[in-house]
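Written below as structure tokens is the structure these notes are about.
Please treat every number below as a calculation from the coordinates, not as lab data. These numbers were taken from a predicted model, which means no experiment stands behind them. Glycine gets a Cβ as well: all are built from the backbone with ideal geometry, and neighbour counts include every protein chain shown.
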Amino acid sequence: MAEKEKLTIAVLSGDLERALAAFMLAVTGASMGMEVSMFFTFWGLNIIKRNEGSLQSKGLMRKMLNIMNRGGAKRLKLSRFNMLGLGTWMMKRLMKDTNMPSIDEYIAMAKDMGVKLIACTTTCGVMGIPPEKDTFRSEVESLAGAAYFLGEARESKVTLFI
Amino acid sequence: MAEKEKLTIAVLSGDLERALAAFMLAVTGASMGMEVSMFFTFWGLNIIKRNEGSLQSKGLMRKMLNIMNRGGAKRLKLSRFNMLGLGTWMMKRLMKDTNMPSIDEYIAMAKDMGVKLIACTTTCGVMGIPPEKDTFRSEVESLAGAAYFLGEARESKVTLFI
Amino acid sequence: MAEKEKLTIAVLSGDLERALAAFMLAVTGASMGMEVSMFFTFWGLNIIKRNEGSLQSKGLMRKMLNIMNRGGAKRLKLSRFNMLGLGTWMMKRLMKDTNMPSIDEYIAMAKDMGVKLIACTTTCGVMGIPPEKDTFRSEVESLAGAAYFLGEARESKVTLFI
């Protein structure tokens, strides 16, 4: 049997529209029979952080960064026209109107379709996030570093940096 | 005859500098004999929207989003140092001084050189843009979804997400 | 002997977190035996500009753009939570705490490991930066245009646009 073609997506951004684009492509790739990995780093870690995860980190600075930078897929904002939340609220309404899944729903869909969600260990430290499995949603399969990402990318037909 | 190598560029950003980078690479790729597709999504849709396109969408929310987020290549701004338009104006002056084409000129050049310009149907809805050919400039060849983009990317030598 | 696999990274962004991601991947790729090129364009040129480079450009507009947009790896800021410098300062503290190299250190490491640092000539003009070797740090190997970048990308196993 032929091996599956791989699609690897690095998600550095925590902007709502970039997170949506990443999941649209991941889920579409999986539905086309590709083997998909998503690698979350820097602000992208917020997308897959548990909502209640903000109090576990050690040290004042980490705590502060963690409170300012609370995770959770529901808190993502647009990079433009956020307008104190109005623009983001409007896009979320339009997502519902046009039957586009929310990020929460996309995470569940991705998991169901075999997309591997991986948290970047190398950047947890500077984001003030404990590099432990418990920090992240249950859908996250593993934590790994930059070498793992490049290893996947080398074997991939398509690699995207979002 | 050997098949042409493909270059596929996804343009999610609507920032002036990212739009310029995308067109520079598209036009350069075409001049090197590559077969180039550009796939515009989210804010990138603004780059290829008709200027007069803002009143055709249905529903109050779409109308509002469309007015705030007016399209047209001339309205693109820098992501930094926009400074109420001063920074963007300065870069546009420097573009003229250094004989760099404007986005309008780049769109015409790209079309002339056989670059395919494609609007993403999947994200028209959440951007409040009618997913119809008339919404976009005449240079836009077609509208297509995420599966089309990934299909192109799979066959491409180089895929860029900008 | 088998040829080395290539990794080509375009760095358009001048945000601290994107610069860090680019260097992490470049250095990791080199340590995995890949042949790595980094191609700096638009705001990315700031990362490799000399600190004292701001007074050499000609013309009032270039001088102004150059003063507003002073280069140097130490001046990079986060794209979010900069908060008049507080967020960036905090991330830099966390970088030290977790033994992550600074951008200055990453540039030296990259050079030592054979990563090629290349400045984009095509965009120097619009950034108000003299397209000369002296504008950039000594670690920068050469200046080249978009065609050079695409030539490298065509031969690369992995190409990232950051």
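A few points about this structure:
- Footprinting exposure proxy for C:GLU141, A:GLU132 (fewest neighbouring C-beta atoms within 10 Å first): A:GLU132, C:GLU141
- For chain B, the longest piece that avoids every one of the trypsin sites (Lys or Arg not before Pro) found in DSSP loops with at most 14 other C-beta atoms within 10 Å covers B:71-162.
- Global geometry of the protein assembly as shown, whether rounded, prolate or oblate, following the gyration tensor of its Cα atoms and the 1.5 cut on a/c: rounded
- Inter-copy label distances at B:MET32, shortest first and taken from points set 7 Å along Cα to Cβ: 2.2, 2.2 nm.
- Bridge orientation summary for chain B: considering DSSP beta bridges with both residues in this region, about 5 percent are antiparallel.
- Teacher prompt: A:ASP97 distances to equivalent labels in other copies, 7 Å Cα→Cβ, nm: 4.4, 4.4
- Measuring from each Cβ of chain C to the axis that turns chain C onto chain B, the shortest distance belongs to C:PHE161, 3 (residue, then whole Å).
- FRET efficiency, A:LYS111 to B:LEU86 (Cβ-Cβ, R0 51 Å, nearest 0.05): 0.60
- Legend: ranking of residues A:SER79, A:SER31 from fewest to most surrounding C-beta atoms inside 10 Å; resulting order A:SER31, A:SER79.
- Choice from B:MET109, B:MET32, B:MET91 showing the highest fluctuation, given a GNM over chain B with Cα pairs closer than 10 Å: B:MET32
- Note on chain C: percent of Cα-Cα distances in each 10 Å bin, starting at 0 and stopping at the bin with the largest distance, equals 11, 40, 34, 14, 2, 0.
- Backbone N atoms of the stretch B:139-162 closer than 14 Å to the 7 Å Cα→Cβ label point of B:GLU3 belong to residues B:151-158.
- Charge dipole magnitude, Cβ of K and R +1, D and E -1 - chain A, Cα centre, debye nearest 20: 640 debye
- Comment: the Cα-to-Cβ extended label point of A:LYS111, at 7 Å, lies 4.7, 4.7 nm from its counterparts in the other copies, nearest first.
- Straight-distance crosslink candidates among lysines, where the alpha carbon sits under 19 Å from A:LYS63 and sequence neighbours closer than 8 are dropped: A:LYS49, A:LYS133, C:LYS92, C:LYS96
- Here the protein assembly as shown is assigned +1 on the Cβ of each Lys and Arg and -1 on the Cβ of each Asp and Glu. Its dipole about the Cα centre then comes out at about 1880 debye.
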